Amino acid sequence: MNYWLMKSEPDCFSIDDLKKNKVERWDGVRNYQVRNMMRDQMKKGDKALFYHSSAGDETGVVGEMEIIKEAYPDSTQFDPKSDHPDPKSKPENPTWLAVDVKFVRKFKTPIYLKELKLDPTFLGMVVTQKGSRLSVTPVSKKHFENILKMSV
């Protein structure tokens, strides 16, 4: 099993949206490195941390979810009215992928980025590193479990 941290801006899609919908397509990824991880490494049953990004002091890990469908073509790339169209991508050879995620739980207490950066336990976690901009990153089992312990 793999572990992931997946970022979304809460004004676009939040943990509360996922809680309400129960299952959702994780789309709009437009980074080749992330696309390749989703295609080659992300598997059904993998666990993921839901991270609210670009949220000021509220930026951080807010919940847990599970990958329930492996990578498939992201339909938003073909829709010019979507937030993430890609006119260069063609249905017969799609560039971008999506996965389906299922809500597991919302944390009672979010784990804010500033806390993660101050805690030596999370040294080496991609999201704590300067310049980290990827919307999906791998997380070690140890880091994943430590965040779950902090969230109760």
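Looking at 104, 23, which one is modelled with pLDDT of 95 or more, within 20 Å of residue 149 (Cα to Cα) and of a type in the set (A, V, I, L, M)? So that I can check it myself, show each step before the final result.
Details: 23 fails: within 20 Å of residue 149 (Cα to Cα).
The match here is 104.
Which residue is surrounded by the most Cβ atoms within 10 Å (Cβ to Cβ), if the candidates are limited to segment 108-135 and must be small (Gly, Ala, Ser) and within 15 Å of the chain's Cα centre (by Cα)?
Of all residues in segment 108-135, those small (Gly, Ala, Ser) come to 124, 131-132, 135.
Retained after the next criterion (residues that are within 15 Å of the chain's Cα centre (by Cα)): 132, 135.
Values: 132: 13, 135: 17.
Ranking the candidates gives 135 first.
Any residue at all in segment 136-145 that's crowded, with 19+ Cβ neighbours inside 10 Å, at pLDDT 95 or above, on the phi > 0 side of the Ramachandran plot and of a type outside the set (D, E, K, R)?
Within segment 136-145, none of the residues are crowded, with 19+ Cβ neighbours inside 10 Å, at pLDDT 95 or above, on the phi > 0 side of the Ramachandran plot and of a type outside the set (D, E, K, R).
Any chance segment 74-93 includes a residue that's small (Gly, Ala, Ser), without any contact (Cβ under 8 Å) to a residue 40 or more places away in the chain and loosely packed, with under 13 Cβ neighbours inside 10 Å? Checking segment 74-93: not a single residue is small (Gly, Ala, Ser), without any contact (Cβ under 8 Å) to a residue 40 or more places away in the chain and loosely packed, with under 13 Cβ neighbours inside 10 Å.
For (1) part of a loop (DSSP other than H, G, I, E, B); (2) of a type in the set (D, E, K, R), each residue gets a yes or a no:
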site: 106; (1), (2): no, yes
site: 115; (1), (2): no, yes
site: 137; (1), (2): no, no
site: 145; (1), (2): no, yes
site: 152; (1), (2): yes, no
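Does residue 82 count as part of a loop (DSSP other than H, G, I, E, B), touching a Pro at 6+ places or on another chain (Cβ under 9 Å) and either more than 17 Å from residue 103 (Cα to Cα) or basic (Lys, Arg) (or both)? No, not satisfied.
From 149, 69, 88, grab the single residue that is closer than 23 Å to residue 15 by Cα and over 17 Å from the mean Cα position of the chain (by Cα).
Details: 69 fails: over 17 Å from the mean Cα position of the chain (by Cα); 88 fails: closer than 23 Å to residue 15 by Cα.
Criteria check complete, one pass: 149.
Residues in segment 36-72 that are in contact (Cβ under 8 Å) with a residue 60 or more places away in the chain and surrounded by fewer than 19 Cβ atoms within 10 Å (Cβ to Cβ): 41, 47, 53. Scanning segment 1-47 for residues that are assigned to a loop (DSSP other than H, G, I, E, B), closer than 21 Å to residue 105 by Cβ and in contact with a His (Cβ under 8 Å, 6 or more places away or on another chain) returns 9, 10, 14.
The values are calculated or read from the model by the stated rules, or taken from the named source; none is laboratory data. These numbers come from a predicted model, not from an experiment. Counting neighbours? That spans all protein chains shown, and the Cβs are built from the backbone with ideal geometry, glycine included.
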